[in-house]
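**Student:** The structure under discussion is supplied below as structure tokens; questions concerning it will follow.
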Amino acid sequence: MKTCRRQFAENLWELISGNKGMSKEAINKETRVKMEKAVGHLGDELKSLRTGRATPGLVENLKVECYGTLSPLKQLAVISVPDAQSLVIKPYDTSTISSIEKAIFQSDIGLTPSNEGKAIRIVIPPLNEERRKKIAAHAKDYGETAKVALRNARHEANKQVDKEEKEGILTEDDAKRTKDDVQKAIHEFEGKLSDLIKKKIEEITKV
């Protein structure tokens, strides 16, 4: 899970990095876009955490190596939920089934796929209390990493504002207003992160 969290942080950094030669409107817009991406990325990652019930989100973003490239599972197969405790994955191309099975085995979701020939079935075992607490802790870790990404986006925006003000592109008043807008944005998106984490933890701890 530490490796997964590190990859999560690296992906977030790629999403939020970069601000060059921008007006105050552009800085505000770009910063909000980066923060929205951070929140969206967190939402995708939280889907992959088990709650004791079967959901496509557990596997849909797993990267599968086939056709000489890595593709998310949802692009390669139909993922259905026949009941609350199982998933059925039907590849569009049955020749990819072994690659899909391998990707599930090598992932850190802790589930065992059963190859049925033209489809893969995954049974979701119930979670005990200890496991629920650990998964809830992982959700909180993802949330903290996403908050760092938001703060990095704010830092980059403020740094850009200082640069534009120094170069005479922004007035002192415009620079102050832009920083105030960026601060309002981070409060807004931190609230969205908190809501996502709260909802996910409720799902994980619900018996």
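The values are calculated or read from the model by the stated rules, or taken from the named source; none is laboratory data. What you see is a predicted model, and the numbers here were worked out from it, not measured in a lab. All Cβ positions, glycine included, derive from the backbone under ideal geometry; neighbour counts span all protein chains shown.
**Student:** Right, Pro91: out of contact with any Ser or Thr (no Cβ under 6 Å at 6 or more places or on another chain) and at pLDDT below 90 or not?
**Tutor:** Values: out of contact with any Ser or Thr (no Cβ under 6 Å at 6 or more places or on another chain): yes; at pLDDT below 90: no.
Taking the combined requirement at face value, the residue does not satisfy it.
**Student:** Tell me whether segment 123-130 contains one or more residues that are over 30 Å from Asp108 (Cβ atoms), hydrophobic (A, V, I, L, M, F, W, C), surrounded by 13 or more Cβ atoms within 10 Å (Cβ to Cβ) and within 28 Å of the chain's Cα centre (by Cα). Walk me through it before giving the result.
**Tutor:** Within segment 123-130, the first condition is being over 30 Å from Asp108 (Cβ atoms), and the residues that meet it are none.
For segment 123-130, residues over 30 Å from Asp108 (Cβ atoms), hydrophobic (A, V, I, L, M, F, W, C), surrounded by 13 or more Cβ atoms within 10 Å (Cβ to Cβ) and within 28 Å of the chain's Cα centre (by Cα): absent.
**Student:** Here's a follow-up. crowded, with 16+ Cβ neighbours inside 10 Å, without any contact (Cβ under 8 Å) to a residue 24 or more places away in the chain, of a type in the set (A, V, I, L, M, F, W, C) and not assigned by TED's automatic domain parsing to the domain that holds Leu196: is that true of Ile104 in this structure?
**Tutor:** No: the conditions fail for Ile104.
**Student:** List the number of the failed condition for Asp44; all other conditions in (1) under 20 Å from Ala146 (Cβ atoms); (2) touching a Cys at 6+ places or on another chain (Cβ under 8 Å) hold.
**Tutor:** The failed condition is (2).
**Student:** Quick one: in segment 50-72, which of the residues that are of a type in the set (Ser, Thr, Tyr) and exposed (fewer than 15 other Cβ atoms within 10 Å of the Cβ) is nearest to Leu127 (Cα to Cα)? Step through it out loud before you land on a result.
**Tutor:** Step one: list which residues in segment 50-72 are of a type in the set (Ser, Thr, Tyr), which gives 51, 55, 67, 69, 71.
Checking the rest, the ones that are also exposed (fewer than 15 other Cβ atoms within 10 Å of the Cβ) come to 67, 69.
Values: Tyr67: 36, Thr69: 34 Å.
Ranking the qualifying residues of segment 50-72, first place goes to Thr69.
**Student:** Among the listed residues Gly143, Gly168, which satisfies the condition of being at positive phi and not hydroxyl-bearing (Ser, Thr, Tyr)? Reasoning before the result, please.
**Tutor:** Numbers: Gly143 fails: at positive phi.
One residue alone meets the criteria, Gly168.
**Student:** Out of all the residues in segment 30-41, is one or more modelled with pLDDT under 90 and buried (at least 20 other Cβ atoms within 10 Å of the Cβ)? Walk me through it before giving the result.
**Tutor:** Our first condition is that a residue be modelled with pLDDT under 90; within segment 30-41, this holds for none.
Within segment 30-41 (the criterion being modelled with pLDDT under 90 and buried (at least 20 other Cβ atoms within 10 Å of the Cβ)), the answer is no, since none of the residues qualifies.
**Student:** Residues of segment 73-89 being surrounded by fewer than 15 Cβ atoms within 10 Å (Cβ to Cβ), under 24 Å from the mean Cα position of the chain (by Cα) and not β-branched (Val, Ile, Thr), which ones?
**Tutor:** Looking only at segment 73-89, we keep the residues that are surrounded by fewer than 15 Cβ atoms within 10 Å (Cβ to Cβ), and these are 75, 78, 80, 82-86.
Among the residues that remain, those that are also under 24 Å from the mean Cα position of the chain (by Cα) are: 75, 78, 80, 84-86.
Correct list: Gln75, Ser80, Ala84, Gln85, Ser86.
**Student:** Any chance segment 112-119 includes a residue that's surrounded by 16 or more Cβ atoms within 10 Å (Cβ to Cβ) and under 24 Å from His138 (Cα atoms)? Full working, then the answer.
**Tutor:** So the first thing to find is which residues in segment 112-119 are surrounded by 16 or more Cβ atoms within 10 Å (Cβ to Cβ), and the list is 113, 119.
Cutting the leftovers down to under 24 Å from His138 (Cα atoms) gives us 113.
Yes, some residue in segment 112-119 is surrounded by 16 or more Cβ atoms within 10 Å (Cβ to Cβ) and under 24 Å from His138 (Cα atoms).
Quick grid of which residues meet (1) without any contact (Cβ under 8 Å) to a residue 60 or more places away in the chain; (2) assigned by TED's automatic domain parsing to the domain that holds Ala84:
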| residue | (1), (2) |
| --- | --- |
| Lys118 | yes, yes |
| Asn158 | yes, no |
| Glu165 | yes, no |
| Asp174 | no, no |
| Asp180 | yes, no |
| Gln183 | yes, no |
| His187 | yes, no |
| Lys198 | yes, no |
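**Student:** Please specify each residue of segment 163-182 satisfying the condition of being out of contact with any Ser or Thr (no Cβ under 6 Å at 6 or more places or on another chain) and surrounded by 13 or more Cβ atoms within 10 Å (Cβ to Cβ). So that I can check it myself, show each step before the final result.
**Tutor:** Let us first name the residues in segment 163-182 that are out of contact with any Ser or Thr (no Cβ under 6 Å at 6 or more places or on another chain), namely 163-181.
Matches in segment 163-182: Lys163, Glu164, Glu165, Ile169, Leu170, Asp174, Ala175, Lys176, Arg177, Thr178, Lys179, Asp181.
**Student:** Suppose we filter Ala153, Ala137, Ala149 for residues that are under 26 Å from the mean Cα position of the chain (by Cα), under 30 Å from Pro82 (Cα atoms) and either buried (at least 20 other Cβ atoms within 10 Å of the Cβ) or of a type in the set (A, V, I, L, M) (or both); which single one remains?
**Tutor:** Ala137
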